[in-house]
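These notes concern the structure reproduced below.
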Amino acid sequence: MDYIDILAEINYLSYIGAFIKWILLFLVLSIIVLISSSRLGLFKRQKKISRILVKLYYIFIPIYFIIFAVKLAPIRNSHTQINKVIEDNKVAVTDFAFDFLNSAISDSVLQGELSVQQTVANYLNKTVYSDSIDNQSTKGFGRKFLYKIKKKIEFSYLSKVLESRVIKEATSLVGINKKTGKAIYKTSFHDLFENGELVEILTMVIDSFFYKVYKSMIIIFLIGLIFPTIEILLSRHYKY
C-alpha cells in the first residue's frame, strides 16, 4: 500500500475552505482575547510612550493568531483528508496487513523468538522497501520526507496489528481459544480480526501521529505568548 499514491485521492480544494475556516476562527479568537484583556485593564499604562507602544498588541495578537491558523489549517485538513482516503481504501489497508501477516509471521516468531519491532522492521526492509533503497537518493527532499513519514506510519501500523491480536493470542499457550488456534494453524489471519478493525488500527496510528504534531504546535504557540504575558506582569508591578 503506497501512501504516496493514495494522496492523489485527497480533495485539494478542501484546503481553501480549511484556510478560510481556521483563519476566521483564530481571528475571532484574537478579537475576544483583545476585548477581554482591554476590559480587564491589562493594556492600561501610566506613561505616554507605554500607552502608545501597548497599542501594538492590537496588531501583533491578531497577526500572531492568523499565522498560527495558517500553519494549523493544512495540517488539520491533511489529517481529516488522509483518514477519509484510508476509509475509502479499506480494502487496500486490509490486504496490506494480511500480506504482512501471511509472509512475515512464522511459528518461531509467534513463540516470541523475535520482537514485534524486529519482525516489522525486517518485513518492511526486505519486502516493501527492498527495491526502493537505491532510488531514494534520486528523489527530492519533499518526496524523501513523505516516504520517511510513510515508513514510520507503516511501522507503527503493523506493530499495532501484530501486538493487538497475533502476539497476544498466539503466545498464550494456555487458554488459547479454539478460533484463534484454528486460524493460526491454517495461517488464516483473516479470522483473527473483525470487519473494519484493521482500518480502525491504522486510523488510530495516524491520529496518534497528528496529535503529537498538534501538541508541539500548541506548545510553540503558547511559548510565543509568554513574552506579552511577561510584559503585562512587569507593567502591573512597576506601574510604567
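Taking residues in the stretch 204-223 that are under 17 Å from Glu87 (Cβ atoms), and partners anywhere that are in a helix (DSSP H, G or I) and among the aliphatic types (A, V, I, L, M), the pairs with Cβ atoms closer than 9 Å and at least 6 places apart or on different chains are Val205/Ile153; Ile206/Ile82; Ile206/Ile86; Ile206/Ile153; Phe209/Ile149; Phe209/Ile153; Phe210/Ile75; Phe210/Ile82. Among residues of the stretch 7-28 that are under 19 Å from Asp88 (Cβ atoms), those with a beta-carbon under 9 Å from a residue that is not in a helix (DSSP H, G or I) at least six positions away or on a different chain give the pairs Glu9/Asn89. Applying the criterion of at least 1 residues that are of a type in the set (S, T, N, Q) and over 18 Å from Ile206 (Cβ atoms) to the helices (runs of 4 or more DSSP H) found wholly in the stretch 1-82 leaves 14-39, 48-54. Would the stretch 3-21 turn up any residue that is closer than 20 Å to Leu225 by Cα and either surrounded by fewer than 15 Cβ atoms within 10 Å (Cβ to Cβ) or out of contact with any Gly (no Cβ under 8 Å at 6 or more places or on another chain) (or both)? Scanning the stretch 3-21, I find no residue that is closer than 20 Å to Leu225 by Cα and either surrounded by fewer than 15 Cβ atoms within 10 Å (Cβ to Cβ) or out of contact with any Gly (no Cβ under 8 Å at 6 or more places or on another chain) (or both), so the answer is no. Checked against (1) crowded, with 17+ Cβ neighbours inside 10 Å; (2) within 22 Å of Met217 (Cβ to Cβ); (3) not acidic (Asp, Glu), Phe60 meets all criteria but (1).
Any read-out appearing in this document is the output of simple, stated calculations on the displayed coordinates, not a laboratory observation. Nothing here was measured: the structure is a model prediction, and the numbers come from that model. In this analysis, Cβ positions are derived from the backbone assuming ideal geometry, glycine residues included, and neighbour counts consider all displayed protein chains.
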